[in-house]
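Inspection log for the structure reproduced underneath, given as structure tokens.
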Amino acid sequence: MDLPLSGPLLRPGLLAAGVTDHELRRLRRTGGLAVLARGAYADPADPRLRRPEDRHALLVAAAVPRVAADAVVSHVSAAVLHGLPVWAIALDRVHTTRPRRTSAVRTGRLHVHTAPLRAEDVCEVGGVRATSVARTLADVARTSAFEQAVVVLDAALRRHLVTREELQAVLARMPRWPGVPAARRAVAFADPGADSPGESRSRVAMARLGVATPVLQWEVRSPGGVVLGTADFGWPEHGWAGEFDGLVKYGRTGQQAADVVVAEKRREDAMRTVLRGFTRWTWGELAAFAEVARRLPR
């Protein structure tokens, strides 16, 4: 059976195309269909199934035809549609918001929030009605842990998708909503200088462990003013630089991995000639950052 890769496959559409329930059961049993949710499937070869955010976008597309007409995709589901990175936020449910006063509803695959929605809070992303970037970020920051909120806020600010003032204005319209004080703290802490989720998480870990506030994307210069390299984190008054050693920087377009590693080594060696110290850490060290923090300026 040839399956399209353009979107999720819904049971009514498959039945209309002549596929029987017996065939659907067989395909599910033999792995011929990947199950997204009840009555929603995808081709197992669809590359979007490999990445959690892309799989969630398929789940959103499968849910949209089934939700109420006044519902808009929101919270982390809207963040995914806006192309923002999410870290450690559950993607098992599609989140929507309805402008009603009724209680929220949560099922195995759907979380329907109820809250006021202004016209400026709603936009269209790829033909799907969703909350605006500013409203999405406010909702994510209200309902997620500080570290998770900072990851998505940093990315949105860095990409110029929203301003801090716009975020503060949205939160000002939610004075008594749950989670708003925490959201305000996350917005105040957010910084567009963080270049990746790993750098955002590093910032949070540093703040919690008493590391001195770093300069982000610090240009290290020679005594003559020549830029020797840009460090993820810098403490100019200490002559110290720090690097989050994420895999992203080893996948630059047009370069072989070995060439990138050599270039990174040369860049670091050049910076070390004028620095008192240089500390590098990896993704695996972020969860237990205390040892790294001891090697950074206090």
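Of all residues in segment 136-183, how many are among the charged types (D, E, K, R) and under 15 Å from G83 (Cα atoms)? Matching residues across segment 136-183 total 3.
Of all residues in segment 175-206, those satisfying the criterion of being part of a loop (DSSP other than H, G, I, E, B) and not aromatic (F, W, Y) are P175, R176, P178, G179, A190, D191, P192, G193, A194, D195, S196. Checking A68, A88, A78, A61 one by one, the residue that is in a loop (DSSP other than H, G, I, E, B), touching a residue at least 60 places away in the same chain (Cβ under 8 Å) and either of a type in the set (V, I, T) or not assigned by TED's automatic domain parsing to the domain that holds L286 (or both) is A88 and no other.
One line per residue, one yes/no per condition, for (1) in contact with a helix residue (DSSP H, G or I) (Cβ under 8 Å, 6 or more places away or on another chain); (2) farther than 27 Å from I89 by Cβ; (3) at pLDDT below 90:
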{"residue": "L10", "(1), (2), (3)": "yes, no, yes"}
{"residue": "A17", "(1), (2), (3)": "no, yes, yes"}
{"residue": "H22", "(1), (2), (3)": "no, yes, no"}
{"residue": "R29", "(1), (2), (3)": "no, yes, no"}
{"residue": "D43", "(1), (2), (3)": "no, no, no"}
{"residue": "R48", "(1), (2), (3)": "yes, no, no"}
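Flag set for G7, criterion: in a loop (DSSP other than H, G, I, E, B) and closer than 30 Å to P99 by Cβ.
Let's see how each residue does on (1) in the same structural domain as A141 (by TED's automatic domain parsing); (2) among the basic types (K, R); (3) without any contact (Cβ under 8 Å) to a residue 12 or more places away in the chain; (4) out of contact with any helix residue (DSSP H, G or I) (no Cβ under 8 Å at 6 or more places or on another chain):
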| position | (1), (2), (3), (4) |
| --- | --- |
| E165 | yes, no, yes, yes |
| V170 | yes, no, no, no |
| R173 | yes, yes, no, yes |
| W177 | yes, no, no, no |
| V180 | yes, no, no, no |
| R185 | yes, yes, no, no |
| R203 | no, yes, no, no |
| M206 | no, no, no, no |
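The values are calculated or read from the model by the stated rules, or taken from the named source; none is laboratory data. What you are looking at is a predicted structure, and each value in this text was computed from that prediction instead of being measured. Every residue, glycine as well, gets a Cβ built from its backbone with ideal geometry; the counts of neighbours run over all protein chains shown.
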